[in-house]
1. Only one residue in 44, 12, 103 is open to solvent by 70 Å² or more (accessible area, probe 1.4 Å) and in contact with an Asp or Glu (Cβ under 7 Å, 6 or more places away or on another chain). Which one?
2. What number of residues within segment 24-46 are in a helix (DSSP H, G or I), closer than 20 Å to residue 62 by Cβ and aromatic (Phe, Trp, Tyr)?
3. State all residues of segment 76-99 that are at pLDDT below 90, β-branched (Val, Ile, Thr) and open to solvent by 80 Å² or more (accessible area, probe 1.4 Å); if no residue qualifies, say none.
4. Mind telling me which of the residues 49, 21, 17 ends up being part of a helix (DSSP H, G or I) and in contact with a Phe, Trp or Tyr (Cβ under 7 Å, 6 or more places away or on another chain)?
5. Restricting to segment 106-127, name every residue that is at pLDDT below 80, open to solvent by 100 Å² or more (accessible area, probe 1.4 Å) and part of a helix (DSSP H, G or I).
6. Could you tell me whether segment 131-141 includes any residue that is of a type in the set (Phe, Trp, Tyr), without any contact (Cβ under 8 Å) to a residue 12 or more places away in the chain, surrounded by fewer than 10 Cβ atoms within 10 Å (Cβ to Cβ) and assigned to a helix (DSSP H, G or I)?
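The values are calculated or read from the model by the stated rules, or taken from the named source; none is laboratory data. Worth saying up front: this structure is predicted, and the values here are computed from it rather than measured. Cβ placement follows ideal geometry from the backbone for every residue including glycine, while neighbour counts extend to all protein chains displayed. Side chains included, ligands, DNA and RNA excluded: accessible areas come from the protein's heavy atoms. Shrake-Rupley method; radii C 1.70, N 1.55, O 1.52, S 1.80 Å.
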Amino acid sequence: TYIPFCLCLIYRIPGVFMIMFSWILTFYALWQLIHLHEVVPGKRFDRYFELGKHVLGPKKGFWLVMPQQLTVQVASAIVYTVTGGKSLKKVFDTVVPSMTDIRQTYYILFFVCLQLLLSQTPNFNKLKSVSSLAALMSVWYV
């Protein structure tokens, strides 16, 4: 069936609206965090649990903020690790098509080992080659 062009645009308007709304909401939350950064003159709240302690008290603030922050950090680490393993598998499948029978779990484990190896560097200046490679890969991404 043929769908007119203007009808296709009408179907996309709610999605575009939701993307813009989420961007505005994110920008507003960032603006609030920036203003809460120095809400007390002379004292900076550099960490979320410091801000939670100031707002909710010393005990309640810490125990309400830290589990949420830990959950976000663990979940993002898992997502990045699985994504890195999937990307490695995709690269190897593209470069060496004969190795397609290797399970994705092994690529994820290899990526974890690579992360552990890179985390042993004494400072970030030693990772210039890795950062350059990442920049090239992001520019050449198709």
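1. That would be 44, the only listed residue that is open to solvent by 70 Å² or more (accessible area, probe 1.4 Å) and in contact with an Asp or Glu (Cβ under 7 Å, 6 or more places away or on another chain).
2. Going through segment 24-46 one residue at a time, the tally reaches 0.
3. 94, 95
4. None of the others qualify; the one that does is 49.
5. 124, 125, 126, listed by residue number.
6. The answer is yes; a qualifying residue exists.
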